[in-house]
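See below for the structure under consideration.
Values quoted throughout were computed directly from the atomic coordinates according to the rules given, and no laboratory measurement underlies them. In this text the structure is predicted, and so the values were computed from the model without any measurement. Cβ coordinates were reconstructed from backbone atoms using ideal geometry, including for glycine residues, and neighbour counts include every protein chain displayed.
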Amino acid sequence: MTEIRTLQPHDPLPGGHSVVLMRRFEEDAPDRLMLEIIVTNPDKSEETIRAVRPDGAPMSWEEATEAASQRAREEGLKRIWRVDRTAGRREQEVLQHGGDRSVNMQGLEDSDLEDGEHGPDMRDHRVNEAPRRF
């Protein structure tokens, strides 16, 4: 029997040889979710497998868990890790708004004041602009 460990939404992935089942947003369709199985090999290379049925339909969480467990057995591992990257508070807000990542943006800040780094601001004037020639 394969042991299943569940990570919190923002936890780092385990290091070393491992199998992880991850639920996350689709990259090209932010209003949709996907499941993927991530295999980190002993040489630290990674293999990512989309969790789909033979007909191409997405697997359920339970089906994907079984597929990840099977892969772990093939790899000689006794456990898999599962993480739902969509279960965080911010991610749930995005889901409730159909994938719109601009919802409640006023609460997000890209500054690290402890290190003296101020994040970009749309009011910054010409920080990345090339010289204009007319």
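Listed by first and then second residue, the pairs with beta-carbon distance under 7 Å, at least 6 apart or on different chains, first residue in the stretch 44-61 and surrounded by 12 or more Cβ atoms within 10 Å (Cβ to Cβ), second assigned to a loop (DSSP other than H, G, I, E, B) and of a type in the set (Lys, Arg), are MET59/ARG53. Looking at LYS78, is it touching a Ser or Thr at 6+ places or on another chain (Cβ under 7 Å) and surrounded by fewer than 11 Cβ atoms within 10 Å (Cβ to Cβ)? For LYS78, the condition - touching a Ser or Thr at 6+ places or on another chain (Cβ under 7 Å) and surrounded by fewer than 11 Cβ atoms within 10 Å (Cβ to Cβ) - is met.
State all residues of the stretch 16-31 that are within 13 Å of the chain's Cα centre (by Cα) and touching a residue at least 60 places away in the same chain (Cβ under 8 Å); if no residue qualifies, say none. Listed by number, the residues that qualify are VAL20, LEU21, MET22, ARG23, ARG24, PHE25, PRO30.
Quick check on ARG5: is it under 13 Å from THR86 (Cβ atoms), touching a residue at least 60 places away in the same chain (Cβ under 8 Å), part of a strand (DSSP E or B) and not β-branched (Val, Ile, Thr)?
Judged against the criteria, ARG5 is not a match.
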